[in-house]
Amino acid sequence: MKTTLSTALPSQFETECLVVPVLDAAENNNGDKSDKSDKHNPQIQTDDKAVLDAAADLIASGEVTGKMLEIALLHKPAGLKAKRLVLIGGGKAKNFSSYELRKLAGAAVRNLKAKDLKSFAFVAPSLWTGQADTSSQSTLIFKRGGMEDAVKSIVEGAFVGNFDPDYYKSDRKEQKIDELTVLVPGQASTQSLQTAMDQGRIIGEAQNFTRDLVNEPGNRMTPTILADRAKKMCDETGLKCEIYGGDKIKELKMGAFWSVAQGSDEEPRLIVMRHEPAGAPEKPVLGLVGKGITFDSGGISIKPGEGMEKMKYDMAGGAAMIGAMRAIAQLKPNLRVIGIVCASENMPSGKAQKPGDVQIAMSGKSIEIINTDAEGRLVLADGLHYARQLGCTHLIDVATLTGACVVALGMVNAGIFANDEDFYERFSKSLQKSGEKMWRLPVDEEYRDMIKSNIADIVNSGGRWGGAVTAAMFLKEFVGDTPWLHLDIAGVAWMEDNKPWIAKGPSGIPVRSLVEFVRDLAAGPDGTVNGSGGPGTGK
Ligand code: BES
Ligand code: MN
Ligand code: ZN
């Protein structure tokens, strides 16, 4: 999708369709239960009189309320050069943030491409003009920046909306928007807006890149193919990339990783991607470690047949790391980042590991395999240890790790676990920016008892209760005192239903948060460059 910026007056802009957000400025009908009136005060988000005139009858009819994602379409709007005018509702003006704006742009794309339109123009809401919300009281402080923020959100949301997962339908209609113009009427300087537009494109494309990888079925996304795709991306973006196979994994004594890989005819791959900009400080070095199980049958502890096909997305954590590294390579934050993906199948076979087997991880810890279906933590154990060995001072792992996390949090929040308060606080600020939902779960020492083994240092399955937590406790054994975050995305990596702004299928979570976080880290605490000790309070 080609994206351009224009300062033209919306009414004077020639386009297939002019899309203008409408916000409800009514204060009365929100929260106050005693007020039963449902009055709306729809405000079209432009000062362009001709647009307001063209939409006047629609507004007067009461059919347009400004409700979130409500869409009204007019053909041949009087006085406009556009062939169509779309008013798209963004909900309550006072709650409107870049989070909602991204959704509007995505919904506009999905609505218009279904009509076979190929291009349109989206008017940046006038609410944003000169109104960067920086008051410390405001809950929007992290959500609504200046006009740059609006442009970035529109472009990012549009890219995300333009992706569809129906790859292998032989009658697949290539319905896509080819060209988007973002209208920023009256803006004098467009240099910083152009940068914002590029950022939106990079972050949107990175999510789609990840979704594309996750969407592929297991026969078309083996560890080898995943590594090839990562390598190609690295070559294109200038990242250093090393790809290792089974021999190297054994040579590195990654006994936990290999124990999963040994049962499959497909070769495993250890993918290492490095963003090491010349002028970046020695520390921090952020390690992004992803679970890349390209198909999880459960192994000898085989899964029930029903729903097993979903386990093609068990590499979503790894794919998120590859997508995040792509954006990082393009945005060039002044910070060292190493992306590591442990890619393997988990299969039953005569060579597969068995329940009861004992494996020695790269760190030297011995692991009693209770359940071969608890394979994600095994590959990550060695991935995390290796990341520390490569010099990472801070670690984030992302994995579709446990069904228990889905039981706990459903498909709304990812689980997030942390061993370091400062690191967690810093990351959660990026979550507010990204809008991706994550809920913190504990890693208290008391849970450690649940992964004790009679024969080895630890077991790989803590049993029925607190399964998301005991999986995190297992990983914690391999990070030592390195500040670490673990994101369990089992419930949020794949969406069962279409949303107006995004197609069902792979969600691309948490690419957006990771990229925001890396940008934030590169800026350093309080805007200084990196600080001395890295993330957190700069100790
Ligand atoms: N890949 C699964 C977890 C999963 C479940 C991802 C649902 C996405 C949706 C993981 O490898 C797994 O099988 N975990 C087991 C662990 C158990 C055997 C301790 C689980 O959650 O049942
Ligand atoms: Mn499994
Ligand atoms: Zn798995």
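Computed from the coordinates by the stated procedures, all read-outs in this text should not be read as laboratory data. As the structure is a prediction and not an experimental result, all values here were calculated from the model. Cβ atoms come from the backbone with ideal geometry, glycine included; neighbour counts cover every protein chain shown.
Take 360-370, 276-286, 96-106 and order them by the average number of nearby Cβ atoms within 10 Å per residue, most first; the result is 96-106, 360-370, 276-286.
Modelled spin labels at E445 and D171, positioned 7 Å past Cα toward Cβ, are 6.4 nm from each other.
Absence of a disulfide-compatible partner, taken as no other cysteine beta carbon within less than 4.7 angstrom, is noted in the chain for C17, C342, C392, C405. Between amide H atoms placed 1.01 Å from N, distances below 5 Å from K303 occur with G298, all of them 5 or more places distant or on a separate chain.
The phi-based Karplus calculation (6.51 cos²θ - 1.76 cosθ + 1.60; θ = phi - 60°) puts the 3J(HN,Hα) values of the stretch 285-291 at 10, 8, x, 10, 10, x, 7 Hz, whole numbers, x for Gly and Pro. On a per residue basis, the convex hull of the C-alpha atoms belonging to the stretch 210-522 measures out at 120 Å³. Computed across the stretch 352-487, the Kirkwood hydrodynamic radius from all distinct Cα-Cα pairs reaches 15.3 Å. Residue-wise HN-Hα couplings along the stretch 233-248, as the Karplus relation 6.51 cos²θ - 1.76 cosθ + 1.60 with θ = phi - 60° gives them from phi, are 4, 4, 4, 6, 9, x, 7, 6, 9, 10, 10, 10, x, x, 4, 5 Hz; Gly and Pro carry x. Annotation: amide H-H contacts under 5 Å for G263 (H modelled 1.01 Å from N, sequence separation of 5 or more, or interchain): M347, Q353.
Annotation for K232 and D53: the two label points, set 7 Å from Cα along the Cα-Cβ direction, are 5.3 nm apart. Couplings 3J(HN,Hα) of the stretch 494-504, computed from phi: 10, 9, 6, 10, 5, 10, x, 9, 8, 6, 5 Hz, in residue order, whole Hz [Karplus 6.51 cos²θ - 1.76 cosθ + 1.60, θ = phi - 60°; x for Gly and Pro]. Extension gain for I455-A60 works out to 134.6 nm (0.36 nm per residue, less the C-alpha to C-alpha distance). Just to confirm the number: angle between the C-alpha axis of helix 421-434 and the first principal axis of the chain, 0 to 90 degrees, nearest 10? Value to nearest ten degrees: 40.
Under the convention that each Lys and Arg Cβ holds +1 and each Asp and Glu Cβ holds -1, the size of the dipole of the stretch 385-502 around its Cα centre is about 300 debye. Taken along the Cα-to-beta-carbon direction at a fixed 7 Å, the label points for E496 and Q12 span 5.2 nm. If eta is 0.890 mPa s and T is 25 °C, what Stokes-Einstein diffusion coefficient results for the chain, Kirkwood Rh from Cα pairs, in µm²/s? Rounded to a whole number, D works out at 101 µm²/s. Compared with the alpha-carbon gap, the fully stretched path from A25 to A523 is longer by 175.7 nm at 0.36 nm per residue.
Summed over qualifying helices (DSSP H, 4 residues or more, each -39500 (n - 2.57)) and divided by its residue number, the chain shows a 222 nm mean residue ellipticity of -10000 deg cm²/dmol. Averaging Cα coordinates gives a centre for the stretch 428-458 and one for the stretch 245-293; these two points are 22 Å apart.
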